[in-house]
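What follows is one structure encoded as structure tokens, with my remarks underneath.
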Amino acid sequence: MIIARIVGTVVSSQKDERLMGKKLLIVRPVNLDGTDTSGYVVAVDTVGAGFHERVLVVAGSSARLATGMKDTPVDAAIVGVIDTVDISPESS
Amino acid sequence: MIIARIVGTVVSSQKDERLMGKKLLIVRPVNLDGTDTSGYVVAVDTVGAGFHERVLVVAGSSARLATGMKDTPVDAAIVGVIDTVDISPESS
Amino acid sequence: MIIARIVGTVVSSQKDERLMGKKLLIVRPVNLDGTDTSGYVVAVDTVGAGFHERVLVVAGSSARLATGMKDTPVDAAIVGVIDTVDISPESS
Amino acid sequence: MIIARIVGTVVSSQKDERLMGKKLLIVRPVNLDGTDTSGYVVAVDTVGAGFHERVLVVAGSSARLATGMKDTPVDAAIVGVIDTVDISPESS
Amino acid sequence: MIIARIVGTVVSSQKDERLMGKKLLIVRPVNLDGTDTSGYVVAVDTVGAGFHERVLVVAGSSARLATGMKDTPVDAAIVGVIDTVDISPESS
């Protein structure tokens, strides 16, 4: 999984019927120092995440295991809102 | 999923029989500022997208969940035509 | 899927039994201007493609949906010989 | 699989119910010379790995084959604690 | 699939029970000119490959289709020992 930040939304009216009613968000992966990367992914929200929140994003076939995504053509899903990230890169 | 723009078509007469009748399009992933990236993907259209439209592309095994793609050897499918993309990268 | 060009063959006598009799080809992904990229993939041919032909390559689990590849340990398959690629990058 | 080092933890209270009770760790892939790469992955621990230990990480759908991860929306799992890595890059 | 060279071994005693008895090898993808790339992958050997041999590596869910890997949490498997690679990049 990756940590990402919600930065936008995608609106699509002509789409696969199994995507109807799904919330499509644009998320930017973040580096461990908290800065955004230059890339992005469109992920479906399954946990009611808020704008600009840091979220946990699962990719690939496992995105279809997120709540309500069974048999849905999605390859990225938001499966958690992140409270804290604790990093300790050096050995103590 | 990624946002991409349709830039071309692929014609193949000698192909897997489950690809017969499928529309193979060349799409370029786009950056969040709207510019094209240098890469491309061949994706099967499942929503009747038009040339140069911005579309939502799903990759990997989930492409086979797009309408009509069950058990088809495809790894990328167009599953939506994009109306608008709203970006708000900075926290307010 | 990607567009690639067949540039070589791989011979392996000591291999998984489900790969016996499969034709393993080295393909180079091509850019949209027709030039080769620097990378390569070993893909199994399922459509009788000829040397140096441009082909359509499917990757990941979907490669196992190519004809004759069910339950085979392959992650890339040639599923089409490409006749023409038409590109029109700019909006008219 | 890749070799990675555990460098942090992720805390998320609002998450997919199948992730409840799962230990989410931040791991950095390491190079063969033992240095860390700049990237990272959030992986679920399934073997009781300790902080700063080098671990074996499996990605993609196979992460769901790790102990206790069936039908769980995860795409990376720690499946081993590494004792030693022996490298001999040159032919003798 | 990719062509790689076996350069090392990984020893792990605390690991997923389905990995017990599996041989975990470090392989380096090779370029078409025969040189090693800078990356590496940990792959499970399923064909009895020897040290420094060039091997065929399958990645992703298809690694679980290699002999003896059913329901095993692996994402890369050695499925062939390579005898020869014949490259002919230019059209004749």
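The values are calculated or read from the model by the stated rules, or taken from the named source; none is laboratory data. The structure displayed is predicted, hence computed values, not measured ones. Every residue, glycine among them, receives a Cβ derived from its backbone with ideal geometry; neighbour counts consider all protein chains shown. In case anyone asks, the SASA skips ligands and DNA or RNA and just uses the protein heavy atoms, side chains included. Shrake-Rupley method; radii C 1.70, N 1.55, O 1.52, S 1.80 Å.
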Mind checking the dipole of the protein assembly as shown: about its Cα centre, +1 per Lys or Arg Cβ, -1 per Asp or Glu Cβ, Debye to the nearest 20? 1100
Which value, in Å to one decimal place, does the Kirkwood hydrodynamic radius take for region B:1-45 when every pair of different Cα atoms is included? 11.5
Hey, any idea what the orientation-averaged projected area of the convex hull of region E:2-81's Cα atoms comes to, in nm²? 5.0
Return the whole-Å distance between the Cα centroid of region C:35-92 and the Cα centroid of region E:41-92. 19
What list of ³J(HN,Hα) couplings, whole Hz, do you get for region D:26-38 from phi and the Karplus terms 6.51, -1.76, 1.60, once you set θ to phi - 60° and write x for glycine and proline? 9, 10, 10, x, 10, 6, 6, 8, x, 7, 6, 7, 8
Which residues' amide hydrogens lie under 5 Å from the amide hydrogen of A:ALA66, considering only partners 5 or more residues apart or on another chain, with H built in the peptide plane? none
Over region C:23-83, give the accessible area per residue in Å² for a 1.4 Å probe, as an integer. 33
Given a 10 angstrom Cα cut-off, can you work out which residue in E:ALA77, E:ALA43, E:ALA66 is the most mobile in a GNM of chain E? E:ALA66
Of E:VAL79, E:ILE26, E:GLN14, which is farthest along the charge dipole of chain E in the positive direction, counting Lys and Arg as +1 and Asp and Glu as -1 at C-beta? E:GLN14
Residue span B:HIS52 to B:GLU17: 0.36 nm per residue of separation minus Cα-Cα distance leaves a gain in nm of 9.8 nm
Excluding ligands, DNA and RNA, the carbon-plus-sulfur percentage of the accessible area of region E:28-76 with a 1.4 Å probe reads 51
How much accessible area is lost when chains B and A come together, counting both sides, with a 1.4 Å probe, in Å² rounded to the nearest 100? 2400
³J(HN,Hα) across region E:72-88 via Karplus (A = 6.51, B = -1.76, C = 1.60, θ = phi - 60°), whole Hz, x for Gly/Pro? 9, x, 10, 10, 7, 9, 7, 10, x, 9, 8, 7, 9, 10, 10, 10, 9
Going by amide H atoms built from the backbone, whose H comes under 5 Å of the H on D:THR37, apart from near neighbours? D:VAL30, D:ASN31
For B:GLY50, place a label point 7 Å out from Cα along the Cα→Cβ vector, do the same in each other copy, and report the separations in nm, one decimal, smallest first. 4.0, 4.0, 6.4, 6.4
GNM of chain C, Cα pairs under 10 angstrom: of C:GLY39, C:GLY50, C:GLY80, the biggest fluctuation goes to C:GLY39
One decimal, nm, shortest first: give the distances between the label point of E:LEU32 and those of the same position in the other copies, each label point 7 Å from Cα along Cα→Cβ. 2.2, 2.2, 3.6, 3.6
Using all alpha carbons of region D:28-71, what is the percent of pairwise distances in each 10 Å bin, ordered from the shortest bin to the longest? 23, 52, 24, 2
Amide H contacts of D:LYS23 (H built 1.01 Å from N, under 5 Å, at least 5 apart or other chain): D:ASP45
Over its alpha-carbon atoms, the protein assembly as shown yields an Rg and a Dmax in Å of 21.6, 62
Kindly give the distances from A:ASP83 to its copy-mates, label point to label point, with each label point 7 Å from Cα along Cα→Cβ, as nm values to one decimal ordered shortest first. 3.8, 3.8, 6.1, 6.1
Rotational relation E to A, axis-closest Cβ in chain E, residue and distance rounded to whole Å: E:SER61, 4
Most mobile of D:VAL30, D:VAL55, D:VAL44 in a GNM of chain D (Cα contacts under 10 Å): D:VAL30
